[in-house]
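The values are calculated or read from the model by the stated rules, or taken from the named source; none is laboratory data. Since the structure is predicted, the reported quantities are computational estimates derived from the model, not experimental observations. Here the Cβ positions follow ideal geometry from the backbone for every residue, glycine too, while neighbour counts run over all protein chains shown. Please note that ligands, DNA and RNA were not included when accessible areas were found on the heavy atoms of the full protein model with its side chains. Shrake-Rupley method; radii C 1.70, N 1.55, O 1.52, S 1.80 Å.
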Amino acid sequence: MTDYNTQIVILGAGIGGCIAALALAPFYSVVLVDQQTEPQARVGECLAPAAGRILHKLGLLDLLTEGHISSHGLLSYWGTETPTLVDQLTNPDGHGWHLNRQLFEQQLRDRVQRRGIRCLWPASFSKCEQKPNGWVLDIQHKNKPMQLHSQLMIDATGRHSRFARALGVRRQNLDQQLSVWLTALVKVRKHISVLSSVPEGWWYSAPLPELPLIDTALIDADLLDTEQSEGQARLFALQMQAGKFDKNLSLSSAAFLQAAANAPGLNTLVQQIIPGTETLHGVVAANSSKLEQGCGEGWFAIGDAAMSFDPLSSQGIFNAMATAMQLADLLIEHGLQHKDIPALYQAQLDSIWRHYLAHKDHYYELVS
Ligand SMILES: Cc1cc2nc3c(=O)[nH]c(=O)nc-3n(C[C@H](O)[C@H](O)[C@H](O)COP(=O)(O)OP(=O)(O)OC[C@H]3O[C@@H](n4cnc5c(N)ncnc54)[C@H](O)[C@@H]3O)c2cc1C
């Protein structure tokens with residue numbers, strides 16, 4: 001069994017975990033652990049304009065110059081048959097981005113490694129124990145047992161909150177929303193998203209820098225060569241509460257796209273899909289939920305591990321970055337052992353959650 005001592009272990013090398021590692025590493029020894037050898041293709045591509053401030057502060061803004069596209073706004077059919085243009089021109093932070101999500105996560109991991117932070121992947125933890133001077137974490141790294149000794153643990157494992165739940169902390173689910181998503185090449189190039197409410201839930205479609213890597217392998221290479229230069233990769237996603245969920249929509253691209261074509265504002269885009277380029281990715285959880293307690297003695301949760309938002313907000317990635325930075329600022333200012341940090345951090349999480357709920361309620365009331 002290999003033993004390794006560090007001041008901070010961050011579990012989860014998604015966007016939240018990588019941002020926390022980069023912010024903390026100049027001040028503390030950090031080990032970043034992820035169960036996946038590399039980032040996976042996943043839904044969630046819209047990066048809020050305010051994220052630019054965090055990336056700038058960490059010297060990471062250059063990551064967005066290639067492989068991602070800027071987002072200037074969306075056409076909203078939220079409770080109406082006619083569109084409203086929500087333009088980022090009015091946003092003091094400027095435009096946002098449509099990320100190549102897998103690429104962005106890989107870029108962050110590469111930057112973490114280039115800054116000399118110790119990274120362990122693929123590695124999953126099997127057991128943790130709190131001792132008077134910190135944590136002992138048993139992990140399997142590349143199938144070999146390893147013991148990590150750390151003063152502090154950060155749970156950045158996403159909406160399953162693997163570490164906090166292993167401590168017995170429960171998660172509260174506000175609703176049961178699910179999301180089904182599909183990617184395809186579309187003949188027209190439109191750098192604008194479309195948001196559309198329907199009686200059973202709501203639709204979202206956004207341009208992507210390219211089709212997720214996992215899909216291109218399944219698509220006829222000749223088709224991609226001839227059509228991709230003219231077409232544009234696009235995401236289509238439907239959000240519904242579990243009680244209204246029609247399983248057919250997650251099993252058949254044709255059924256999914258037929259339903260999409262009936263949503264206000266989506267028919268033209270659906271008509272422009274290049275046949276044979278569609279990939280239906282299945283169902284993922286998209287509900288609002290949070291840990292009953294986002295931190296405790298010697299541990300903190302950030303990003304989705306602390307609280308996950310409805311995708312309607314388009315704020316999940318920004319929140320992962322922002323909570324990572326808020327925690328890092330507290331730990332850098334006060335040190336790792338200061339007894340007031342959990343209460344200060346929890347108050348920040350509570351405030352984010354209150355604001356989030358107020359916005360969410362406001363938007364859903366418009367279509368209820
Ligand atoms: C349908 C849908 C659409 C969305 N669209 C958007 C959008 O447009 N814009 C936006 O801002 N947000 C969006 N989101 C939300 C956004 O994807 C999340 O908020 C964001 O991924 C949170 O980042 P994170 O780093 O906290 O967690 P995650 O991205 O979930 O990363 C967690 C990491 O932890 C690792 N991990 C998990 N368990 C373990 C373990 N036991 N040991 C080690 N490692 C582990 C995982 O491999 C992963 O790398 C969307 C979400 C959904 C469901």
| Can you name every residue in region 191-208 that is open to solvent by 10 Å² or more (accessible area, probe 1.4 Å) and under 17 Å from the mean Cα position of the chain (by Cα)? | Tyr204, Leu208
| field | Residue tally, condition within 15 Å of the ligand (Cβ to nearest atom) and surrounded by fewer than 17 Cβ atoms within 10 Å (Cβ to Cβ), over region 42-71 | value | 4
| query | Any chance region 239-251 includes a residue that's over 18 Å from Trp202 (Cβ atoms) and open to solvent by less than 50 Å² (accessible area, probe 1.4 Å)? | reply | no
| task | Name every residue in region 13-39 that is surrounded by 22 or more Cβ atoms within 10 Å (Cβ to Cβ) and either modelled with pLDDT under 95 or of a type in the set (Val, Ile, Thr) (or both), in order of residue number. | result | Ile15, Ile19, Val30, Val31, Val33
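If you take the residues of region 94-126 that are of a type in the set (Lys, Arg) and either within 25 Å of Asn143 (Cα to Cα) or open to solvent by less than 60 Å² (accessible area, probe 1.4 Å) (or both), which of them is farthest from the ligand (Cβ to nearest atom)? Spell out the reasoning first.
At the first step, the residues of region 94-126 found to be of a type in the set (Lys, Arg) are 101, 109, 111, 114-115, 118.
Then drop every residue that is not either within 25 Å of Asn143 (Cα to Cα) or open to solvent by less than 60 Å² (accessible area, probe 1.4 Å) (or both), which leaves 101, 109, 111, 114, 118.
Details: Arg101: 8, Arg109: 9, Arg111: 15, Arg114: 18, Arg118: 14 Å.
Once the filter is applied, the top-ranked residue is Arg114.
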